[in-house]
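**Student:** Once you've had a glance at the structure underneath, I'll fire off some questions.
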Amino acid sequence: EAGVTQFPSHSVIEKGQTVTLRCDPISGHDNLYWYRRVMGKEIKFLLHFVKESKQDESGMPNNRFLAERTGGTYSTLKVQPAELEDSGVYFCASSMGTNLQDTQYFGPGTRLTVL
Amino acid sequence: AQRVTQPEKLLSVFKGAPVELKCNYSYSGSPELFWYVQYSRQRLQLLLRHISRESIKGFTADLNKGETSFHLKKPFAQEEDSAMYYCALSTSNTGKLIFGQGTTLQVKP
């Protein structure tokens, strides 16, 4: 079974540019999460989709970040315009449900560098 | 606010030595705690969860509500245990995880 996939694996952009990250969850997983690890800091929750609906977006840093999950399958996270402090590793995870027995499976992450 | 603290950035031990990775949390309710691990060039994966009370790869973790801790232990470390370990907290049925900063475990031969 294919795991969670993320594209691209690395992205280097200049400040002010736009970047779109993509996440394909495990097939059949209704729950999709985005997390971010900024250099030297902990992995932080960004938002949670249940199918195509945003269940919790309390971790989104500001309105430069826009996440979508049209059709309830893959998700995109767009940063526009990117700032230096957006650099970090962006992880996506998916799970079948949200019960505590439901495991979140993580993707390999996208390393974003903003110059 | 909910918070997870892993006081050690790096823990270095010799093969065969006991290992304890510390994790403390702050949350006034009933938390659910997890340990995630990331081996070199692999993705983050669940190691164990409090609710299951299981032992995985020889690792165990006990939730101590009095000390608000969930330390990860293994009696005899192996070289293949070298990895980054994250303690995480979930406070609701939304699945949202709150992570600590992670501890790098280095097991020397």
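The values are calculated or read from the model by the stated rules, or taken from the named source; none is laboratory data. Remember, predicted model here, so these are calculated numbers, not experimental data. Every residue, glycine as well, gets a Cβ built from its backbone with ideal geometry; the counts of neighbours run over all protein chains shown. To get the accessible areas, we keep the full protein, side chains included, count just its heavy atoms, and leave off ligands, DNA and RNA. Shrake-Rupley method; radii C 1.70, N 1.55, O 1.52, S 1.80 Å.
**Student:** Under 8 Å by Cβ, and 6 or more places apart or on different chains, what pairs join a residue from region A:57-73 that is open to solvent by 80 Å² or more (accessible area, probe 1.4 Å) with one that is hydroxyl-bearing (Ser, Thr, Tyr)?
**Tutor:** Partner pairs satisfying both residue conditions: A:68/A:75; A:68/A:76.
**Student:** Same structure, new question: Could you grab me the full set of residues in region B:23-37 that are open to solvent by 10 Å² or more (accessible area, probe 1.4 Å), under 24 Å from residue B:104 (Cα atoms) and touching a residue at least 60 places away in the same chain (Cβ under 8 Å)?
**Tutor:** Going residue by residue through region B:23-37, those that are open to solvent by 10 Å² or more (accessible area, probe 1.4 Å) are B:24-30, B:32, B:34.
Adding the requirement that they be under 24 Å from residue B:104 (Cα atoms) leaves B:24-26, B:32, B:34.
B:25, B:34, listed by residue number.
**Student:** How many of the residues in region B:78-94 are surrounded by fewer than 22 Cβ atoms within 10 Å (Cβ to Cβ) and within 11 Å of chain A (Cβ to nearest Cβ)?
**Tutor:** The number of residues fulfilling the criteria is 5.
**Student:** If I filter region B:96-109 down to residues being open to solvent by 10 Å² or more (accessible area, probe 1.4 Å) and within 14 Å of chain A (Cβ to nearest Cβ), which single residue comes out as modelled with the lowest pLDDT?
**Tutor:** Checking each candidate, the answer is B:96.
**Student:** Out of A:68, A:52, A:14, which single residue is away from every other protein chain (no Cβ under 14 Å) and closer than 17 Å to residue A:96 by Cβ? Break it down into steps so the answer makes sense when it comes.
**Tutor:** Values: A:68 fails: closer than 17 Å to residue A:96 by Cβ; A:14 fails: closer than 17 Å to residue A:96 by Cβ.
Only one candidate passes the filter, namely A:52.
**Student:** Now for a separate question. Name, by its number, the condition in (1) at the interface with chain B (Cβ under 10 Å from one of its Cβ atoms); (2) more than 20 Å from residue B:97 (Cβ to Cβ) that does not hold for residue A:19.
**Tutor:** (1)
**Student:** Sticking with this structure for a sec: Does residue B:41 qualify as being without any contact (Cβ under 8 Å) to a residue 24 or more places away in the chain, farther than 16 Å from residue B:98 by Cα and out of contact with any Lys or Arg (no Cβ under 7 Å at 6 or more places or on another chain)?
**Tutor:** Numbers: without any contact (Cβ under 8 Å) to a residue 24 or more places away in the chain: yes; farther than 16 Å from residue B:98 by Cα: yes; out of contact with any Lys or Arg (no Cβ under 7 Å at 6 or more places or on another chain): yes.
For residue B:41, the condition - without any contact (Cβ under 8 Å) to a residue 24 or more places away in the chain, farther than 16 Å from residue B:98 by Cα and out of contact with any Lys or Arg (no Cβ under 7 Å at 6 or more places or on another chain) - is met.
**Student:** Return the total of residues in region A:89-115 being open to solvent by 10 Å² or more (accessible area, probe 1.4 Å), more than 10 Å from chain B (Cβ to nearest Cβ) and not aliphatic (A, V, I, L, M).
**Tutor:** Total meeting the criteria: 2.
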